[in-house]
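To start, the structure under review is shown below, and the notes come after it.
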Amino acid sequence: MSPTSTPDSPLSKATAVPDAAAEPAELAAPYGAGAATAKAAGIPATAARIRTHHLHAAKQAGEKFAMLTAYDQYTAQIFDEAGIEVLLVGDSASNNVLGNETSLPITLDEMIIFCRAVTAGAKRALVVADLPFGSYEASTEQAVASCVRLMKEGLVHAVKMEGGAYYAPTVRALTQAGIPVMAHIGFTPQSEHMLGGYRVQGRGDMAQAMIDDAVALADAGAFCVLMEMVPATTAAAVEAAIDVPTVGIGAGNSTTGQVLVWQDMAGLRTGKMAKFVKQYAQLRTVLADAAKEYGQEVRSGVFPGPEHTF
Ligand code: KIV
């Protein structure tokens, strides 16, 4: 059972072990479902996956879901097993894995490598990939082609795209092509140079424009709308204005879901954190202590001991 849901919740039912006599919620894939991979992971080939409709049902039921970024197979596996419903292969891999200053330099080819690693590790979570800067803005055709690569080569289940109502026609084309789209509004990091840096969006008079963006994107078929750095009152108004679920990062507590970058959440990254970050562990200290102890044991000849020796 997911830690964020009750036994009767849509999210729990999505992945519950089926009663042998009951009609399964989702039928076994008629064309085979990667049995070799599923068997290797120790799960049945018919194991359920969180789908976009489960997130929609969660909103209708007044439940919340959790989303974290992941960029590699181990974190994907750990978060998946911890019951995180949605994993985001964010273009924040640019900053958090590749060491760039912003999310702008990461390429579609680089994103696909991270997507492939995450989809190899996640058996239950819905895996969403960011369309990186430069991979969708030129035309609808460019957006469709980039998403096809993320899904065909990266094996993700949905994409996330930054931008407001202007991109509604793109969202419509993608959804008609069978590509589920999570829209990303509010502070959109790919536009940080246009927006003048990291600034809260949708304050005061700008709140209505944000609601209009969300309505246009949801009408165009977005299955979810993510809001970054938005006042809680604006985010609550957006959540109320659309049927599809919203996800927040620095958007208060009214959204259906919440997302954090995992290195922030787990304390792998140190330094000044954004106000919206809560750190649930201090992984940097844990890893640094382990590395120091290993180094000392190697230098002193304690490691490798007889038990590590052939
Ligand atoms: O790339 C990313 O990690 C994101 C989150 C900050 C929402 O877009």
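Residues 218, 207: which one is surrounded by 19 or more Cβ atoms within 10 Å (Cβ to Cβ), within 18 Å of residue 234 (Cα to Cα) and more than 16 Å from the ligand (Cβ to nearest atom)? Steps first, answer last, please.
Values: 207 fails: surrounded by 19 or more Cβ atoms within 10 Å (Cβ to Cβ).
From the options 218, 207, the qualifying one is 218.
Only one of these conditions is not met by residue 178: (1) surrounded by fewer than 23 Cβ atoms within 10 Å (Cβ to Cβ); (2) touching a Ser or Thr at 6+ places or on another chain (Cβ under 9 Å). Which number is it?
Every listed condition holds for residue 178 apart from (2).
Can you name every residue in segment 113-126 that is within 22 Å of residue 174 (Cα to Cα), in contact with a strand residue (DSSP E or B) (Cβ under 8 Å, 6 or more places away or on another chain) and away from the ligand (no atom under 13 Å from the Cβ)?
Correct list: 119, 125, 126.
Between a residue in segment 155-169 that is more than 15 Å from residue 130 (Cα to Cα) and within 12 Å of the ligand (Cβ to nearest atom) and any residue that is of a type outside the set (D, E, K, R) and in a helix (DSSP H, G or I), which pairs come within a Cβ distance under 8 Å, given they are 6 or more apart or on different chains?
Pairs that qualify, where the first residue is more than 15 Å from residue 130 (Cα to Cα) and within 12 Å of the ligand (Cβ to nearest atom) and the partner is of a type outside the set (D, E, K, R) and in a helix (DSSP H, G or I): there are none.
Do you know which of the residues in segment 134-167 that are touching a strand residue (DSSP E or B) at 6+ places or on another chain (Cβ under 7 Å) and assigned to a loop (DSSP other than H, G, I, E, B) is farthest from residue 225 (Cα to Cα)?
The selected residue is 154.
When segment 222-238 is examined, which residues are found to be in a loop (DSSP other than H, G, I, E, B) and surrounded by fewer than 24 Cβ atoms within 10 Å (Cβ to Cβ)?
223, 229, 231
Scan 243, 264, 289, 205 and give me the residue that is closer than 29 Å to residue 74 by Cβ, more than 18 Å from the chain's Cα centre (by Cα) and not in a strand (DSSP E or B).
From the options 243, 264, 289, 205, the qualifying one is 289.
Residue 269 versus (1) more than 16 Å from the ligand (Cβ to nearest atom); (2) at pLDDT below 95: which is the lone unmet condition?
Failed condition: (1).
With the structure loaded, tell me whether residue 106 is under 18 Å from residue 257 (Cα atoms) and free of Cβ contacts under 8 Å to residues at least 60 places away in the same chain or whether it fails that test.
So residue 106 fails the test.
In segment 246-261, which residues are in a loop (DSSP other than H, G, I, E, B) and either of a type in the set (S, T, N, Q) or touching a Lys or Arg at 6+ places or on another chain (Cβ under 9 Å) (or both)?
250, 253, 254, 255, 256, 261
Output the residues belonging to segment 242-262 that are farther than 18 Å from residue 181 by Cβ and of a type in the set (Gly, Ala, Ser).
Within segment 242-262, 250, 251, 252, 254 qualify.
The values are calculated or read from the model by the stated rules, or taken from the named source; none is laboratory data. Given the structure is predicted, the values throughout are model-derived calculations rather than measurements. Cβ: placed from backbone, ideal geometry, glycine included. Neighbour counts: every protein chain shown.
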